1. Considering every residue within segment 202-224, establish whether at least one is within 16 Å of the ligand (Cβ to nearest atom), closer than 14 Å to residue 116 by Cβ and crowded, with 22+ Cβ neighbours inside 10 Å.
2. What's the number of the only condition in (1) under 18 Å from residue 182 (Cβ atoms); (2) within 13 Å of the ligand (Cβ to nearest atom) that residue 230 fails to meet?
3. Confirm whether residue 228 is closer than 24 Å to residue 272 by Cα, buried (at least 18 other Cβ atoms within 10 Å of the Cβ), in the same structural domain as residue 266 (by TED's automatic domain parsing) and out of contact with any strand residue (DSSP E or B) (no Cβ under 8 Å at 6 or more places or on another chain).
4. Determine whether residue 32 is assigned by TED's automatic domain parsing to the domain that holds residue 353, on the phi < 0 side of the Ramachandran plot and not in a loop (DSSP other than H, G, I, E, B).
5. Only one of (1) farther than 18 Å from residue 282 by Cβ; (2) away from the ligand (no atom under 16 Å from the Cβ) is not met by residue 83, so which one is it?
6. Given the criterion within 19 Å of residue 279 (Cβ to Cβ), surrounded by 16 or more Cβ atoms within 10 Å (Cβ to Cβ) and away from the ligand (no atom under 15 Å from the Cβ), identify the matching residue among 94, 90, 119.
7. Check residue 136 against each of (1) under 24 Å from residue 370 (Cα atoms); (2) away from the ligand (no atom under 15 Å from the Cβ); (3) not in a loop (DSSP other than H, G, I, E, B) and name the one condition it does not meet.
8. Which count do you get for residues in segment 318-335 that are out of contact with any helix residue (DSSP H, G or I) (no Cβ under 6 Å at 6 or more places or on another chain) and free of Cβ contacts under 8 Å to residues at least 24 places away in the same chain?
Ligand SMILES: Cc1ncc(COP(=O)(O)O)c(C=O)c1O
């Protein structure tokens with residue numbers, strides 16, 4: 001049985017059996033090629049968000065797919081009792097092109113940041129120094145675990161889960177005076193994104209990052225860059241810190257590193273790595289052969305296929321064209337970002353959600369952040385012509401609008417409201433049970449007997 005090509009059934013299964021923590025668009029993708037995705041109806045979409053900065057090589061990249069298929073045929077998982085060749089190779093590759101001497105592998109960005117937070121604390125623990133506080137920025141985003149939620153500088157991600165893990169201090173971003181004031185004898189680390197992605201694509205100022213580095217050196221503070229979103233070529237350098245000429249002591253990666261296969265990594269120096277001893281930290285799946293084979297393929301492709309040059313060229317083109325659109329339409333308030341991580345902010349006559357849905361209806365995928373910003377993070381292999389397709393669509397949307405005030409109305413009219421989407425989703429709901437029956441599935445849960453099988 002397969003529900004793969006039946007959108008209404010997919011929606012029903014999701015609604016009934018998945019925890020409802022995401023706001024989903026009414027589409028499911030079943031195939032991808034290059035920078036395009038295809039939905040259950042065979043409709044083609046230009047992917048300008050790349051699985052939120054994950055699918056750096058696009059879809060079906062020969063090197064990546066072949067590495068994953070070959071590795072799956074050999075060994076998917078071995079475990080961290082044994083040496084893993086793919087893990088050792090990927091660690092070497094990452095160290096060779098970065099400041100780092102040592103790598104710890106895990107499965108996501110949040111886990112990489114957890115490892116960074118733990119290492120910053122354990123480093124001082126083993127030195128018998130009482131430093132544990134970590135300073136992060138307002139409006140930052142570091143993940144969804146309890147530790148990374150506490151690190152994240154946005155109350156909306158913390159509130160339902162309070163009390164927060166103690167030991168985190170938040171200060172305004174790009175404000176060196178606030179940072180200097182927050183530093184105290186208990187400060188173990190400063191943890192920052194170089195481009196705040198989730199909260200609207202806000203790059204750090206060069207001078208700010210240089211002053212932070214100076215402060216860290218002077219006060220013996222560990223500098224952590226969260227490059228979960230900005231790493232692996234995204235910003236026109238292999239790692240974003242290279243745009244700033246400032247090296248961290250710890251850097252975290254995830255998203256693009258596996259090109260879609262889940263993997264996270266924490267990179268550090270030999271000195272800071274002394275803060276973890278065998279048994280202090282670990283991960284069952286972290287560093288597994290499959291994920292690391294994907295990571296090796298991604299790193300090899302980025303190095304051998306001039307992908308970073310492509311990021312720079314296409315990025316210049318997009319910024320140039322967006323600059324022209326901004327001059328033409330005063331409803332574009334700002335265009336921000338680095339490389340192929342770009343935020344376009346509109347004035348309050350246009351909602352980000354409305355723009356996202358309008359682009360979606362034209363077969364273009366972007367993400368909406370906050371009320372007024374859309375984010376672009378396309379595959380790093382995107383061509384200028386494909387980027388031009390997005391610019392053309394945006395131009396068309398803005399051109400169709402006679403004046404800033406009417407933009408919102410037009411965009412709102414063009415898209416189904418949340419209520420309409422909900423209603424159509426629940427309308428298909430009742431059809432589900434019949435379809436389950438014809439597929440030979442039932443809605444019943446397995447009996448207790450089946451659940452209590454002993455599997456140790
Ligand atoms: C900067 C940054 N850090 C951490 C995370 C968390 O990564 P993950 O969702 O893989 O846990 C994200 C995810 O968007 C991120 O953008």
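1. yes
2. For residue 230, the failing item is (1).
3. no
4. The answer is yes for residue 32.
5. The one condition residue 83 does not meet is (1).
6. 119
7. It is condition (2) that residue 136 fails.
8. 7
The values are calculated or read from the model by the stated rules, or taken from the named source; none is laboratory data. These numbers come from a predicted model, not from an experiment. Heads up, the Cβs are rebuilt from the backbone with ideal geometry, glycines too, and the neighbour counts pull from every protein chain shown.
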